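The values are calculated or read from the model by the stated rules, or taken from the named source; none is laboratory data. What you see is a predicted model; the values in this text were computed from it and never measured. No Cβ is skipped: glycine too gets one built from the backbone with ideal geometry, and neighbour counts run over all protein chains shown.
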Ligand SMILES: [Zn+2]
């Protein structure tokens with residue numbers, strides 16, 4: 001029976017989509033979407049289906065990256081994936097974005113630390129390592145500065161993910177020879193790996209309700225912003241009322 | 001033609017099934033309760049709630065309508081204006097669903113949705129459609145827009161608020177007077193026992209334009225309340241009635257003037273503030289054409305109005321919708 005998995009990842013400024021048939025990645029695209037995920041996602045899906053000579057009807061599995069990452073970015077692919085699964089009855093699975101980043105480096109036998117920008121100079125991270133011949137995540141999902149993160153690192157560690165030049169030199173300063181870096185092209189997140197992880201996961205378990213799939217937010221929402229006006233007793237002045245600044 | 005329609009532009013998750021643009025087969029709305037604790041909408045909280053609700057609500061809407069996706073002909077979703085993080089949830093869910101089910105996807109302008117709520121039928125009886133051209137006033141906690149509808153899919157924005165939305169002004173003054181949230185119904189209730197001429201308040205409009213401005217009025221109420229407090233107790237009913245009169249007069253005056261200037265054949269309302277009976281009475285008094293107002297459940301944000309707008313948008317093929325979502329999406 002013809003069967004295909006569609007993998008969607010819009011976790012950060014980088015996005016990736018792949019079509020997988022259980023043994024091979026038939027088509028894959030990874031691009032710097034910045035903030036255009038919503039504009040780019042569906043044209044990319046349709047293009048990759050055409051390139052891989054698949055009909056949407058043959059897609060009976062959908063895998064989506066669930067973060068951590070950009071809150072808004074994560075919701076783009078997760079909402080799309082839920083819609084696709086609702087529309088066709090395809091099975092849906094969520095895989096952590098950090099799991100996807102670390103997975104291609106499993107054969108290196110090195111402790112691997114994927115990094116993704118979390119804003120405010122902080123990063124999302126987790127530590128992966130092979131133990132008893134089993135590759136797995138060995139830490140919770142962490143958010144913090146590189147200094148915080150390096151306190152937990154005492155051995156040679158391979159860094160992958162979205163690390164800019166400044167981040168790389170900070171890690172070298174903090175860890176010296178313990179910090180190892182994959183070359184830029186293999187640091188990237190590619191949906192082909194998400195597809196493979198998703199396919200394996202779906203082979204092992206039954207489908208949960210679509211709405212149960214939630215992003216890994218790690219952080220609570222910031223309560224600031226122009227819409228947030230906490231309830232206060234009758235206020236004494238404009239500012240306390242949340243009134244906009246008056247212009248003369 | 002049956003349309004599955006999705007609305008997630010602000011803090012209501014709505015999914016509906018609409019037949020031929022007018023008959024409601026299902027209309028499920030989940031109002032987010034998370035915002036009551038903060039007394040205002042936190043966009044990130046709203047977007048998280050939408051994602052949690054969208055699929056279960058779609059399932060419920062299809063069940064309510066007693067149909068499967070095979071009996072749906074198109075999918076519509078709001079793509080703007082609204083909170084981007086919220087719009088993205090409904091729009092991407094809708095696009096995914098449409099692609100996988102082999103259905104066309106229609107991006108809907110939220111304001112057009114409020115306009116087309118006036119086409120939705122309450123009973124099985126087929127009422128005549130509102131006559132065009134028409135002037136439409138959309139007033140809620142998020143909008144204060146005066147729109148000229150020349151024909152289907154031919155809209156012109158005549159005026160809008162330059163600061164707060166009318167509903168926001170109601171909310172803030174209600175809070176100032178120690179009344180509950182949302183402020184619209186609370187102010188209306190308090191105003192019933194008050195004298196609308198007790199306190200003169202400034203007009204909430206800009207001369208020679210169809211734009212509104214509610215922030216000066218709000219500040220005037222704040223000053224008035226403070227000075228009354230210093231003298232003793234605040235006559236809440238009188239302040240509420242005076243404030244309501246000022247805001248209703250501004251909305252009714254601009255709406256009636258636009259209706260006369262453009263020689264329209266009907267006037268329509270939309271948005272939560274349309275439920276205010278003083279507003280309806282004041283507009284009726286000032287216009288010579290029929291006034292259409294949807295029932296309260298269809299005035300506030302909902303999926304049914306999106307389904308109606310999607311139908312007429314498909315039938316009258318207007319401007320192309322952008323691929324993504326837009327917080328400030330203009331009218332067609
Ligand atoms: Zn609205």
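To keep it simple, each residue is scored yes or no on (1) buried (at least 24 other Cβ atoms within 10 Å of the Cβ); (2) closer than 16 Å to residue B:196 by Cβ.
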| site | (1), (2) |
| --- | --- |
| B:230 | no, no |
| B:243 | yes, yes |
| B:256 | no, no |
| B:268 | yes, no |
Out of everything in the range B:18-43 that is at pLDDT 95 or above and more than 19 Å from the chain's Cα centre (by Cα), what residue ends up being surrounded by the most Cβ atoms within 10 Å (Cβ to Cβ)? B:26
Per the filter on the range A:114-129, residues touching a strand residue (DSSP E or B) at 6+ places or on another chain (Cβ under 8 Å) and either over 17 Å from residue A:182 (Cβ atoms) or touching a residue at least 24 places away in the same chain (Cβ under 8 Å) (or both) are A:114, A:115, A:116, A:117, A:118, A:122, A:123, A:124, A:125, A:126, A:127, A:128
Of A:59, A:17, A:64, A:25, the only residue that is closer than 25 Å to residue A:220 by Cβ and modelled with pLDDT of 95 or more is A:64
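Look at residue B:167 and say whether it is within 16 Å of the ligand (Cβ to nearest atom), at pLDDT 95 or above and in contact with a strand residue (DSSP E or B) (Cβ under 8 Å, 6 or more places away or on another chain).
Details: within 16 Å of the ligand (Cβ to nearest atom): yes; at pLDDT 95 or above: no; in contact with a strand residue (DSSP E or B) (Cβ under 8 Å, 6 or more places away or on another chain): yes.
Answer is no for this residue.
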Report, by residue number, each residue of the range A:39-66 that is within 23 Å of residue A:98 (Cβ to Cβ), at the interface with chain B (Cβ under 10 Å from one of its Cβ atoms) and in a helix (DSSP H, G or I). A:40, A:41
Confirm whether residue A:69 is more than 19 Å from residue A:25 (Cβ to Cβ), surrounded by 24 or more Cβ atoms within 10 Å (Cβ to Cβ) and at the interface with another protein chain (Cβ under 9 Å from one of its Cβ atoms). no
The range B:63-99 - residue that is farther than 24 Å from residue B:48 by Cα, assigned to a loop (DSSP other than H, G, I, E, B) and within 11 Å of chain A (Cβ to nearest Cβ) and, of those, farthest from the ligand (Cβ to nearest atom): B:68
Give the residues of the range B:265-310 that are more than 16 Å from the ligand (Cβ to nearest atom) and either within 14 Å of chain A (Cβ to nearest Cβ) or over 20 Å from residue B:249 (Cα atoms) (or both), sorted by residue number. B:265
Some residue of the range A:200-212 being closer than 25 Å to residue B:54 by Cα, within 14 Å of chain B (Cβ to nearest Cβ), modelled with pLDDT of 95 or more and part of a loop (DSSP other than H, G, I, E, B): no
Scan of the range B:267-288 for residues that are in contact (Cβ under 8 Å) with a residue 60 or more places away in the chain, in a loop (DSSP other than H, G, I, E, B) and in contact with a strand residue (DSSP E or B) (Cβ under 7 Å, 6 or more places away or on another chain), ordered by number: B:271
Report whether or not residue B:323 is free of Cβ contacts under 8 Å to residues at least 24 places away in the same chain, surrounded by fewer than 24 Cβ atoms within 10 Å (Cβ to Cβ) and over 20 Å from the mean Cα position of the chain (by Cα). yes
